[in-house]
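What follows is a single structure, written as structure tokens, with notes after it.
The values are calculated or read from the model by the stated rules, or taken from the named source; none is laboratory data. Note that the structure is a prediction, hence the values are computed from the model and not measured. Using ideal geometry, Cβ is built from the backbone for each residue, glycine included, and neighbour counts are taken over all protein chains shown. For accessibility, only protein heavy atoms count, side chains too; no ligands or nucleic acids. Shrake-Rupley method; radii C 1.70, N 1.55, O 1.52, S 1.80 Å.
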Amino acid sequence: MKLLNWEWMQQDFDTLTRQMRACRLCNDLPLGPNPIFQLDERAKILIVGQAPGRITHLKNRPFDDPSGDRLRGWLGIEKSAFYGDPRIGIFPMGLCFPGSGPSGDKPPPDICAMTWREKTMRALKHVELTLVLGAYAIAWHLPHLSRQSVVQAVRHASDGEDRMFVLPHPSPRNNRWLKQNPWFEADVVPRIRQNVRRSLREAEGR
């Protein structure tokens, strides 16, 4: 009976992810719709960013760039595990590259989160650790921090309360921010790594 129940749940989750990959609600995007995420119902760790960038759109794989290298360093996870372990999920606020604006990429369209986010988060029943990157992700997952600066939000969540951390974006563009705020890599990153190890270790013990 347990096996049949798991198979039904997996089929239902697979249907949801197929629907997201086939989404064409935003057919006016400059490079066209191309939903990019990495989700398995067994996910224990969820990485929440803003939206795929141009490079991610072209490679069709999230964080396969210098930003990803730094992020994996912060988490203490090898690249093979980052992409191959079903317990590690990546679910941006916007699933497609929204295009570029005067000061960087445009914000993710609201319709994306309105259509997919709530139902997907309900389906991810095993997430134990959530890593939040960017203002749009903060506003949805930690709305009480949405009016704070990045520094304030990262500091406020630096203890991992409710096993949620706010991270600065790992982009090389943030090198100056990291130099100005060395406490993040000195104090917060070790806590994040400890929680990552804990989530993966607990999952293995079940």
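A few points about this structure:
- Hits in the range 124-140 (condition: open to solvent by 60 Å² or more (accessible area, probe 1.4 Å) and either β-branched (Val, Ile, Thr) or assigned to a loop (DSSP other than H, G, I, E, B) (or both)): 125, 126
- Those residues of the range 173-183 which are surrounded by 13 or more Cβ atoms within 10 Å (Cβ to Cβ) and closer than 24 Å to residue 52 by Cβ, in sequence order: 174, 177, 178
- Scanning the range 141-163 for residues that are surrounded by fewer than 16 Cβ atoms within 10 Å (Cβ to Cβ) and either within 20 Å of residue 191 (Cα to Cα) or touching a residue at least 40 places away in the same chain (Cβ under 8 Å) (or both) gives 151, 152, 156, 159, 161, 162, 163.
- With respect to the conditions (1) modelled with pLDDT under 95; (2) open to solvent by 30 Å² or more (accessible area, probe 1.4 Å), residue 53 lacks only one, and its number is (2).
- The condition (being modelled with pLDDT of 95 or more, closer than 23 Å to residue 124 by Cβ and touching a Gly at 6+ places or on another chain (Cβ under 6 Å)) is satisfied by just one residue among 86, 92, 62: 92.
- Lone qualifier among 117, 72, 87 - being out of contact with any Cys (no Cβ under 8 Å at 6 or more places or on another chain) and open to solvent by 40 Å² or more (accessible area, probe 1.4 Å): 87
- For the range 169-185, the tally of residues that are at pLDDT 95 or above, in a helix (DSSP H, G or I) and not basic (Lys, Arg) stands at 7.
- The single condition from (1) open to solvent by 20 Å² or more (accessible area, probe 1.4 Å); (2) in contact with a strand residue (DSSP E or B) (Cβ under 8 Å, 6 or more places away or on another chain); (3) farther than 18 Å from residue 89 by Cα; (4) at pLDDT 95 or above that residue 111 fails is (2).
- Residues satisfying the stated conditions in the range 64-92, i.e. in contact with a helix residue (DSSP H, G or I) (Cβ under 6 Å, 6 or more places away or on another chain) and under 18 Å from residue 174 (Cβ atoms): 65, 66, 72, 74, 75
- Screening the candidates 188, 166, 196 for the property of being modelled with pLDDT of 95 or more, touching a Ser or Thr at 6+ places or on another chain (Cβ under 7 Å) and either in a helix (DSSP H, G or I) or open to solvent by less than 80 Å² (accessible area, probe 1.4 Å) (or both) yields one hit, 188.
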